[in-house]
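Remarks on the structure that follows.
The values are calculated or read from the model by the stated rules, or taken from the named source; none is laboratory data. Every value quoted in this text rests on a predicted model; they were computed, and no experiment measured them. Note that we place each Cβ from the backbone using ideal geometry, even for glycine, and neighbour counts take in every protein chain shown. Calculation scope for accessible area: heavy atoms of the full protein, side chains included, ligands and nucleic acids excluded. Shrake-Rupley method; radii C 1.70, N 1.55, O 1.52, S 1.80 Å.
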Amino acid sequence: MKPIIGIIGNRRSDFNELRRLPITYVPDGFVRGVQHAGGLPVVIPVSKPELAAAYLERVDGLLLAGGQDVSPIHYGEEPQLKVKESYPERDLFELTAIKLALSRYMPIFAVCRGMQILNVAKGGTLYQDISQYDRLTVQHDQTTDPIYPTHHIKVIEDSELRHIIGRDVLVNSVHHQAIKELSAGFKPTAYSPDHLIEAFESADQTQSVVAVQWHPELLLSDYKPMQGLFDNFIERVSHYIELNTPS
């Protein structure tokens with residue numbers, strides 16, 4: 001049986017060719033990355049929080065993708081002037097799904113916004129805009145097409161991520177928010193040259209979490225180590241299935 005990966009979707013209604021017909025979607029790179037790694041991707045539509053448990057009962061792993069800003073309300077702050085569009089229903093649904101997944105020790109792979117809301121779900125905070133960060137020297141919201149990597153990261157030696165992609169890695173960068181205070185439940189595993197957190201994993205070895213700030217789903221064609229993140233996720237999910245399958 002192939003592991004079933006739930007990818008929480010996004011929603012938009014600005015497609016003129018569809019006459020503004022609202023659609024639920026996930027970026028295709030996530031689908032291809034999971035499929036190539038041997039998993040079965042399933043899109044979970046943003047729904048009422050009370051439905052999160054029913055969806056999670058039907059999947060083996062949770063993938064949190066990019067998207068809108070996480071509302072600062074969820075980490076105890078009022079929105080400042082540079083906050084961009086948020087999606088309140090998605091925030092509430094994902095926060096509920098994350099807490100349920102963690103309570104079940106379900107493997108999680110989180111990307112960009114997914115990494116940020118995962119941190120918030122565990123009590124961490126964000127820079128509402130990286131202009132708030134006083135050591136900023138790197139262009140984190142790149143002007144170059146994001147199918148190309150543009151800045152380096154340093155990966156911590158004692159980490160899952162180091163085994164997956166190596167020590168010194170070029171990544172793409174399309175974000176204006178970033179991790180501020182990392183939840184005590186997580187440990188940083190990669191930094192940008194100006195020392196923003198670019199990845200984290202669970203500090204608890206019984207939890208299986210890998211979270212990255214860049215967009216590996218956009219780099220699969222030309223930067224092979226990025227597929228390794230999806231391969232690792234499916235390996236972690238397969239191990240989770242084995243542990244939870246009655247003998």
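Test Arg104 against the criterion of being closer than 27 Å to Gly6 by Cα, among the basic types (Lys, Arg) and in contact (Cβ under 8 Å) with a residue 40 or more places away in the chain, and give yes or no. In short, yes. Would you confirm whether or not segment 79-91 contains a residue that is in contact (Cβ under 8 Å) with a residue 60 or more places away in the chain and in a helix (DSSP H, G or I)? So far as segment 79-91 goes, yes, one or more of its residues are in contact (Cβ under 8 Å) with a residue 60 or more places away in the chain and in a helix (DSSP H, G or I).
Table: residues versus (1) open to solvent by less than 60 Å² (accessible area, probe 1.4 Å); (2) among the basic types (Lys, Arg); (3) in contact with a Ser or Thr (Cβ under 7 Å, 6 or more places away or on another chain).
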site: Tyr75; (1), (2), (3): yes, no, yes
site: Glu78; (1), (2), (3): no, no, no
site: Lys84; (1), (2), (3): no, yes, no
site: Arg90; (1), (2), (3): yes, yes, no
site: Ser103; (1), (2), (3): no, no, no
site: Met106; (1), (2), (3): yes, no, no
site: Phe109; (1), (2), (3): yes, no, no
site: Gln116; (1), (2), (3): yes, no, no
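Test Gln207 against the stated conditions and say whether it is in contact with a Leu (Cβ under 8 Å, 6 or more places away or on another chain) and either farther than 24 Å from Met106 by Cβ or open to solvent by 20 Å² or more (accessible area, probe 1.4 Å) (or both). Yes: the conditions hold for Gln207. Among the residues making up segment 207-233, those that are more than 10 Å from the chain's Cα centre (by Cα), in a loop (DSSP other than H, G, I, E, B) and at pLDDT 95 or above are Gln207, Ser208, Leu219, Leu220.
If we keep just the residues of segment 92-101 that are out of contact with any Pro (no Cβ under 8 Å at 6 or more places or on another chain) and open to solvent by 40 Å² or more (accessible area, probe 1.4 Å), which is nearest to Ala199 (Cα to Cα)? For segment 92-101, the residue satisfying everything is Lys99. When Leu170, Leu118 are screened for being out of contact with any helix residue (DSSP H, G or I) (no Cβ under 8 Å at 6 or more places or on another chain) and within 21 Å of Asn232 (Cβ to Cβ), only Leu170 passes. Restricting Arg11, Arg58, Arg32 to residues that are open to solvent by 60 Å² or more (accessible area, probe 1.4 Å), over 21 Å from Asp129 (Cβ atoms), in a loop (DSSP other than H, G, I, E, B) and touching a residue at least 12 places away in the same chain (Cβ under 8 Å) narrows the list to Arg58.
Can you tell me which residue in segment 14-26 is modelled with the lowest pLDDT, limited to those that are part of a loop (DSSP other than H, G, I, E, B) and surrounded by fewer than 18 Cβ atoms within 10 Å (Cβ to Cβ)? Among those residues, the one meeting the criterion is Phe15. Could you tell me how many of the residues in segment 132-178 are under 22 Å from Leu220 (Cβ atoms), of a type in the set (A, V, I, L, M, F, W, C) and open to solvent by 30 Å² or more (accessible area, probe 1.4 Å)? Result for segment 132-178: 4.
Residue by residue, here is whether (1) closer than 17 Å to Val212 by Cβ; (2) modelled with pLDDT under 95; (3) part of a loop (DSSP other than H, G, I, E, B); (4) touching a Leu at 6+ places or on another chain (Cβ under 6 Å) holds:
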site: Leu100; (1), (2), (3), (4): no, no, no, yes
site: Val120; (1), (2), (3), (4): yes, no, no, no
site: Ser131; (1), (2), (3), (4): no, no, no, no
site: Arg135; (1), (2), (3), (4): no, no, yes, no
site: Pro149; (1), (2), (3), (4): yes, no, yes, yes
site: Arg162; (1), (2), (3), (4): yes, no, no, no
site: Leu170; (1), (2), (3), (4): yes, no, no, no
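In segment 222-234, is there at least one residue being open to solvent by 10 Å² or more (accessible area, probe 1.4 Å), more than 24 Å from Val169 (Cα to Cα), among the polar types (S, T, N, Q) and in contact with a helix residue (DSSP H, G or I) (Cβ under 8 Å, 6 or more places away or on another chain)? No, the conditions are met nowhere in segment 222-234.
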